[in-house]
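Here is the structure we will look at.
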Amino acid sequence: MKINYDLKLQEELKKIAGTKPNLLLHVCCGPCSSHVLKELSQYFNITIYYSNSNIYPHDEYQRRFQELLYFIERFNADFHQHILVIEDPYNHSEWLSHLYPLKEFPEGSVRCKLCYSLRMRRTFDYAKINHYDYWTTVLSVSPHKNSQWINEIGDQWQSETPKFLYADFKKNNGYLKSIQMTKEYKMYRQNYCGCMFSYEEMLKRESQKYE
């Protein structure tokens with residue numbers, strides 16, 4: 001049975017209304033963060049955690065990171081925010097050591113679930129060490145990401161502090177609103193998820209167009 005994680009989010013936002021707790025938000029890229037930040041910044045003091053050692057190649061990682069920094073600078077000015085971005089050091093070889101045994105699995109499989117889990121665990125650890133009130137990830141804004149898995153992963157550490165913020169950010173046209181903001185801010189929008197496996201699949205799709 002699927003859980004309505006958007007409903008859980010709305011219930012939590014009602015509880016904290018007027019308090020502005022500190023939130024560590026895992027972000028994979030500027031486009032996915034856009035509308036989520038617009039919504040959550042009304043309720044939280046947000047710090048972004050860029051933990052994405054899955055992204056391949058390194059040039060692509062840097063391009064997405066720099067695009068995020070540029071977007072946040074403009075977002076802060078436009079919405080009178082003071083959002084900071086913290087970069088978790090890039091370590092693709094370590095990430096690959098966990099995921100390579102699952103390389104034959106397709107996108108959207110347990111391979112992706114493990115990838116979510118690795119990045120979310122690093123986010124939780126940082127949030128715990130640095131005493132944030134809440135933590136979560138923007139990953140559920142994408143229609144290509146399994147929001148049930150994402151919230152189940154966060155739920156693993158819900159008995160500990162900080163508190164995981166359940167959400168399904170694609171709800172209420174969240175994904176469409178993020179696309180609109182991406183256009184407004186003229187952001188680079190990538191054409192593959194990020195990892196070397198999705199990169200290879202993207203190259204294959206592109207080559208088939210010309211066959």
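The condition (being in a loop (DSSP other than H, G, I, E, B) and under 15 Å from the mean Cα position of the chain (by Cα)) is satisfied by just one residue among LYS145, LYS113: LYS145. Yes or no: THR136 of a type in the set (S, T, N, Q), in a helix (DSSP H, G or I) and touching a Gly at 6+ places or on another chain (Cβ under 8 Å)? So THR136 fails the test. Residues in region 152-183 that are of a type in the set (S, T, N, Q) and more than 22 Å from TYR126 (Cα to Cα): ASN172, ASN173, SER178, GLN180, THR182. Checked against (1) over 21 Å from LEU68 (Cα atoms); (2) loosely packed, with under 14 Cβ neighbours inside 10 Å; (3) touching a helix residue (DSSP H, G or I) at 6+ places or on another chain (Cβ under 9 Å); (4) modelled with pLDDT of 95 or more, LYS103 passes all but a single condition, namely (4).
Yes/no per residue for (1) surrounded by 12 or more Cβ atoms within 10 Å (Cβ to Cβ); (2) in contact with a strand residue (DSSP E or B) (Cβ under 6 Å, 6 or more places away or on another chain); (3) closer than 27 Å to LYS38 by Cβ:
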{"position": "PHE75", "(1), (2), (3)": "yes, no, yes"}
{"position": "PRO89", "(1), (2), (3)": "no, no, no"}
{"position": "HIS92", "(1), (2), (3)": "yes, no, no"}
{"position": "TRP95", "(1), (2), (3)": "yes, no, no"}
{"position": "ILE129", "(1), (2), (3)": "no, no, no"}
{"position": "TYR132", "(1), (2), (3)": "yes, yes, yes"}
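Let's see how each residue does on (1) buried (at least 19 other Cβ atoms within 10 Å of the Cβ); (2) among the charged types (D, E, K, R):
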position: THR136; (1), (2): yes, no
position: LEU139; (1), (2): yes, no
position: GLN148; (1), (2): no, no
position: ASN151; (1), (2): yes, no
position: SER159; (1), (2): no, no
position: GLY174; (1), (2): yes, no
position: TYR188; (1), (2): no, no
position: SER198; (1), (2): yes, no
position: ARG205; (1), (2): no, yes
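With respect to the conditions (1) of a type in the set (A, V, I, L, M); (2) more than 13 Å from the chain's Cα centre (by Cα); (3) closer than 22 Å to TYR132 by Cα, ALA77 falls short on a single one, namely (3).
Taking LYS128 as the residue in question, decide whether it is of a type outside the set (Phe, Trp, Tyr), over 14 Å from LYS8 (Cα atoms) and not in a loop (DSSP other than H, G, I, E, B). Spelling it out, LYS128 is indeed of a type outside the set (Phe, Trp, Tyr), over 14 Å from LYS8 (Cα atoms) and not in a loop (DSSP other than H, G, I, E, B).
Residues in region 151-191 that are touching a residue at least 40 places away in the same chain (Cβ under 8 Å), among the small types (Gly, Ala, Ser) and assigned to a helix (DSSP H, G or I) were compared, and the one that is farthest from SER140 (Cα to Cα) is SER178. Out of region 1-53, which residues are in contact with a helix residue (DSSP H, G or I) (Cβ under 8 Å, 6 or more places away or on another chain) and modelled with pLDDT under 95? The answer is LYS2, and nothing else. Residues that are of a type outside the set (Lys, Arg) and free of Cβ contacts under 8 Å to residues at least 12 places away in the same chain number at least 2 in the following helices (runs of 4 or more DSSP H) confined to region 1-106: 5-15, 58-79, 92-99.
The values are calculated or read from the model by the stated rules, or taken from the named source; none is laboratory data. Since the model is a prediction, treat every value here as computed from it, not as a measurement. Heads up, the Cβs are rebuilt from the backbone with ideal geometry, glycines too, and the neighbour counts pull from every protein chain shown.
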